[in-house]
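Worksheet for the structure shown next.
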Amino acid sequence: MTDTTQTDTAHTEATHSEVAHSEVELRSRLTPEQYTVTQQAGTERPFTGEYWDCHDDGTYRCIVCDAVLFMSDTKYDSGTGWPSFFETAAEDVVRIRTDTSHGMVREEAVCANCGAHLGHRFGDGPGPHGHRYCMNSASLRLDQVRLD
Ligand SMILES: [Zn+2]
C-alpha cells in the first residue's frame, strides 16, 4: 500500500483579502438566515428581524465585513416591518444596483465593501433625498455607542 502523502493542498488559502469571504467561513460564522439574506439576496419576513423596532443609538455595520453602513439617527419607523433608514452613513458605503427579480425593477442595496445584499432602496423616504433604505436586520449588526 502506498501511503497517501498530503498532496491535497488544492485550495489555496489566499492571503488575507478583506473583501472576499469564503462560503465555508461565512456559513460557519453567520446564521442560516444571515447567510441567505446577504449571500443569496433573501428577504427576512417583516416584523421578525432584530432591528425593525429597535430604537437604540449606535452604528449599524455590515454583518459580513463590519463596514459602517448606517447611523441610528437616520433610522425611522416606516411601518414596513424592516429597519428603514433615509440616509447612509457615508456617500459610498452602500452600492445600488438594478434588481429585476420577481417581475419588478427595484434598486438593490448592497454593501459597497463586500457585496453583501442588504435590502432595497425606494423613493418614498422622509429625508432630504427621499430615500428609503429598506434593510434586512439579518444583514446588519448594531454597534451600540456607549458614552462613558
Ligand atoms: Zn459588507
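Normalised by the number of residues in segment 46-144, the average gap of Cα pairs under 8 Å and 6 or more apart makes the relative contact order 30 percent. Modelled spin-label separation between residue 97 and residue 31, with each label point placed 7 Å from Cα along the Cα-to-Cβ direction: 2.6 nm.
Residues 135, 71, 104, ranked from the fewest to the most other C-beta atoms within 10 Å, line up as 104, 71, 135.
Relative to the compact-globule estimate of 2.2 N^0.38 Å, the Cα radius of gyration of segment 14-148 comes out at 1.01. Our helix-only sum for the chain, with -39,500 (n - 2.57) per DSSP H run of n ≥ 4 divided by its residues, gives a mean residue ellipticity at 222 nm of -3000 deg cm²/dmol.
A simple spin-label model places the labels of residue 144 and residue 124 3.3 nm from each other, with each point 7 Å out along Cα-to-Cβ. Net charge in the neighbourhood of residue 77 (other residues with Cβ under 13 Å of its Cβ; Lys, Arg +1, Asp, Glu -1) is +1. This model, with +1 at the C-beta of Lys and Arg and -1 at the C-beta of Asp and Glu, gives the chain a dipole about its Cα centre of some 380 debye. A crude spin-label estimate for the pair residue 43 and residue 90, with each label 7 Å from Cα along the Cβ direction, gives 3.0 nm.
FYI, it's all coordinate maths here, none of it is from the lab. Given the structure is predicted, the values throughout are model-derived calculations rather than measurements. Cβ: placed from backbone, ideal geometry, glycine included. Neighbour counts: every protein chain shown.
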